1. List every residue whose amide H lies under 5 Å from the amide H of Gly342, counting only residues 5 or more places away in sequence or on a different chain, with H placed 1.01 Å from N in the peptide plane.
2. Can you tell me, using C-alpha contacts under 8 Å and at least 6 residues apart, the relative contact order of the range 244-295 as a whole percent?
3. So who's got an amide H within less than 5 Å of the one on Ser290, skipping anything under 5 residues away but keeping other chains? H placed 1.01 Å off N, in plane.
4. Rank Lys251, Lys263, Lys167 by mean-square fluctuation in a GNM of the chain with C-alpha springs under 10 angstrom and give only the top-ranked residue.
5. Tell me, what ³J(HN,Hα) does each residue in the range 161-167 have, in order and in whole Hz, if you take phi through Karplus 6.51 cos²θ - 1.76 cosθ + 1.60 with θ = phi - 60° and put x for Gly and Pro?
6. What number, in percent, do you get for the relative contact order of the chain if the mean sequence gap of Cα pairs under 8 Å and at least 6 apart is divided by its residue count?
7. Hey, what do the phi angles of the range 142-147 turn into as Karplus ³J(HN,Hα) couplings, whole Hz, using 6.51/-1.76/1.60 and θ = phi - 60°, x for Gly and Pro?
8. Taking the inverse of the average 1/r across all pairs of different Cα atoms in the range 6-221, what Kirkwood radius in Å do you get?
Amino acid sequence: MSSAKIKAASNASISEAALHLAEGRLVGVPTETVYGLAADATNPVAVRKIFEAKGRPSNNPLIIHVDSAESARRWVHVDHPPWLADQWQRAAAFWPGPLTVVVPRSAEVVDEVTAGAPTVAIRVPSHPVMRSLLAACEFPIAAPSANPSNYVSPTCAEHVRQGLGDKVAMILDGGECQCGLESTIIRLRSEGVELLRPGSISVEQLQDAFGFVQLPHEDDANAAGDGSGRTDPVAAMPAPGMLAKHYSPTKPLRIVDAWQPEKLEPSRVARITFAPLPDAQAGRFGWYRSLSSTGDLNEVAQHLFTAIRQADATACELIVIDRCDRSGIGRAIMDRIDRAAG
Ligand code: TXA
Ligand code: MG
């Protein structure tokens, strides 16, 4: 498939993308986290096309992107009780940026977006191209990551073309994503917040802002419910998309300490490290890439998905990758690596 659908961001291409969306078509869009598969969030027919294009189960809800916390108000109920209004204000302080907030929905949200849930996930993205696109649209934008369900999220326009090129009217090219991992998702509580998906906004940052962060139960990666037996319909649905074996490459992937060199020699391994290996070591691998020249975890996050895709396209049999501490951005990095390892 040709790359003619990829268009560099400009006033003209942003207007064209806005028109496609207004007419119910899908567009690949850049955000600071990963590329999204965008549709007019108020058009149920267009929203259904997202699920079809991705092969996404219809019970897995989408994030609505808006240009400000103010314009989100039409789609949410956050004025009462008072604790919710307070927590909403705290969350809004992270916007525009890579934080998604799950709150009670208003009746105006189309059911297809929330998969029938009483809540809606809202985000105000910071990517300048996405912000211009939102300004050019008279509706909010529903967008999951622009990858076929269960594959690695896209961090550049070319990734979107490879996975969904024939499903979109166009792809707006806003360069390589700065974060490289999907947004952090939280649910607001009267005391603190519940982490539904780790991302670029760290647990430490959330602790500073909200005081308390409920971390996901171990079981949440494997079950649709939260395993607590609670009947609260909001609590009973963490992030339905956070199933194990998500973000997976086609080839098996192992964290370095689970790789047994005696069983598979380095020449058949695609090796991804967080900081450079000495040349003599690096040269033994069938394919090798270091994600940062200094071991900077923000750079590791930014380049992780691209490297996994590249490693997946080699003739190697196994992808072997470093690990890091689960603090700061390290928590989101290890979450994605664990899921890719299955
Ligand atoms: O960074 C991101 O968040 C990107 C960009 C494009 O904004 N989007 C993204 O969307 O990662 P997606 O659909 O790939 O992941 C959204 C996650 C899914 O796991 C979904 O189950 C969860 O958010 N989610 C959406 N609405 C929810 C709700 N009402 N309650 C709980 N989880 C929800
Ligand atoms: Mg996704």
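1. When sequence neighbours closer than 5 places are left aside, the close amide H contacts are Lys245.
2. Values: 47 pairs, mean separation 16.9, N = 52.
Value for the range 244-295: 32 percent.
3. Under 5 Å from the amide H of Ser290 lie the amide H atoms of Thr273, each far enough along the sequence or on another chain.
4. Lys263
5. With the stated coefficients, the range 161-167 comes to 4, 4, x, 9, x, 8, 9 Hz.
6. Working: 749 pairs, mean separation 64.1, N = 342.
Taking the mean separation of contacting Cα pairs over the length of the chain, I get 19 percent.
7. Going residue by residue, I get 7, 7, x, 4, 8, 10 Hz, with x marking Gly and Pro.
8. On the way: mean 1/r = 0.0583 Å⁻¹.
This gives a value of 17.1 Å.
Values in this text are rule-based calculations from the coordinates and carry no lab data. Since we're looking at a predicted model, the values are computed, not measured. We place every Cβ from the backbone using ideal geometry, glycine too, and count neighbours over all the protein chains shown.
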